[in-house]
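Just so you know, all these numbers are worked out from the coordinates, no wet-lab data involved. These figures come from a predicted structure and were not determined experimentally. Neighbour counts run over all protein chains shown; Cβ positions are idealised from the backbone, glycine included.
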Amino acid sequence: MHAQLNAVVDAFPYLLFGAVNTALIVLAAMGIGLVIGVVVAIGLVYGPGWLKLLLSAYLWFFRGVPILALLFLFYFGLFSYLNIQINALAAVALVLGCTTGAYQANIFRGAIMSLPRGQFRAASALGMSDVAAIRSIILPQALRISIPAWSNEYSIILKDSALAFVIGAPEIMARAQFVASRTYQHLPLYLAAGLLYFLLTWAGISALRKLEHKVRIPGYSGEEQT
Amino acid sequence: MNSSEIPVLQADKVSKSFSGQRILNGVSVGLKRGEIKVLIGPSGGGKSTLLQCINCLVLPDEGSISLAGVEVDLHNKKSLYQLRQQVGMIFQDFNLFDHLNALDNITIALRKVKKISRTAAEKRARLELEQVGLGDKTDLYPAQLSGGQKQRVAIARALAMDPQVLLLDEPTSALDPELIGEVIAVIRNLAGKGMTMLMATHQISLISTLADEILFMEAGVIVERGAPSLLLVPGCGSKSAGFCDRLSELADGECKC
């Protein structure tokens, strides 16, 4: 028991640094996904037919291919083929960002479509351009509605980030595996890794819950149902 | 032609089809400054589509829209944005922006469209809200307002843009009977101030007392037009009189003034 505890204590700073890398991957991926998701959702709802077709193809590709396959395809395949020098952390953030971008696009698309159509019409009737109406009227509401689904996406991407260890990114899982294979203390180290994932999940979801409460629309959204 | 004779707004031979079905068939309406015209007729007759074609929320397939004698380029988005700034629109279901309080529902277009500073926009918005009797509701969100209050905010929002014409698409139809009165009072007040209006409504009191001209629409065509004093004479046999009689019967006579 003592040896097991020692193994975790000794490895903890090393694992913690892995947790920082995991957090960076997830933050970057969610950020990339947010930008892609918003743009793609707007294109899917308001764009011309040819654009919708193109964006649907993007959605189908990233939702239809496993993340592990995408990591190999991009990191060992595409980036090598195009001779792009990119470190493993950035590659994982990019692939996860493009993947979550596809899922987030559908979250935002659903949120936009759930808004009463009349609001866009009312904004237009006041002389707002389409861009101004989307930016000032549609997105502020759609993004608020999306927060619960977005926090789900955060926890999914956080856990998917563990796949990064197969391409050698120094995140929690890779570091736990590295130490465990040397000390043979598999149980305590993977428990510690699990705990770090759990803490990151808890911190992120709690923060998003607070955000959801902070930006709730009085009398309309974000209130607890009794 | 004298400038006062030029209609503020003129829709000429406007036609519109949806999925191959003709909704509007060559409809023409002109509004001179201060004039109030009321669209009546059975549901599905094209009243809402006509109003939406006039401020180009729906683009007409054929015909033209002119503002103060100048034809609007229907294929130029900037022209459409400018037209809509001049032609306010009130919807049946209010269409307030749910994430903004009453004050910001009004300031948003002033700031984003007219590029007015936040302070000046808020000052104007407070003034407009006071005009419609909601000076104490500035901080409330749409979900915290009654239907009548929402519609009054919507009217204040449109008026803050200083429109030359106000289009009203059944402004009282989604309201409970006890809330209709407060919206009618605001519309009467606007009429008293000389606001040019084209209104689709089933409110007998508005039709008979405010309209300079009644336009009876059926199957996408204006089939009858004239002053209420001519069309609403009991027993005159006009479609308008028959329609209003049926509305009165439905309302059990309570709205008839």
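List of remarks:
- Within 10 Å of the Cβ of each residue in B:99-105, the mean number of Cβ atoms contributed by other protein chains is 4.
- Shown for the range B:3-250 is the translational diffusion coefficient from the Stokes-Einstein equation, using the Kirkwood radius over Cα pairs, a temperature of 37 °C and a viscosity of 0.692 mPa s: 177 µm²/s.
- Over the range A:106-216, the pair-distance histogram of Cα-Cα distances with 5 Å bins from zero comes to 2, 11, 15, 14, 12, 10, 9, 8, 7, 5, 4, 2, 1, 0 percent, rounded to whole numbers.
- Entries of B:LYS16/B:LYS37; B:LYS77/B:LYS150; B:LYS47/B:LYS114; B:LYS77/B:LYS112 with Cα pairs more than 25 Å apart: B:LYS77/B:LYS150; B:LYS47/B:LYS114
- A:HIS213, B:HIS99, A:HIS186 arranged by Cβ crowding within 10 Å, fewest neighbours leading: A:HIS213, A:HIS186, B:HIS99
- Between B:LYS32 and A:LEU68, the simple label model (points 7 Å from Cα in the Cβ direction) yields a spacing of 8.1 nm.
- For the protein assembly as shown, the spread of Cα positions along the three principal axes, ordered from largest to smallest, is 102, 48, 42 Å.
- Take each residue in B:91-98, count the other chain C-beta atoms within 10 Å of its C-beta, and the mean is 6.
- A Förster distance of 60 Å, applied to the separation of the beta-carbon atoms of B:LEU250 and A:ARG182, puts the FRET efficiency at 0.10.
- Secondary structure note: in chain B, about 55% of the DSSP beta bridges are antiparallel.
- Placing a pseudo-label 7 Å from each Cα along the Cα-to-Cβ vector at A:ALA90 and A:SER129 gives an inter-label distance of 3.4 nm.
- Exposure proxy ranking for A:THR201, B:THR107, based on other Cβ atoms within 10 angstrom of each Cβ and starting from the fewest, stands as A:THR201, B:THR107.
- Inter-chain Cβ neighbour count for B:54-62, averaged per residue, equals 1 (cutoff 10 Å, partner chain atoms only).
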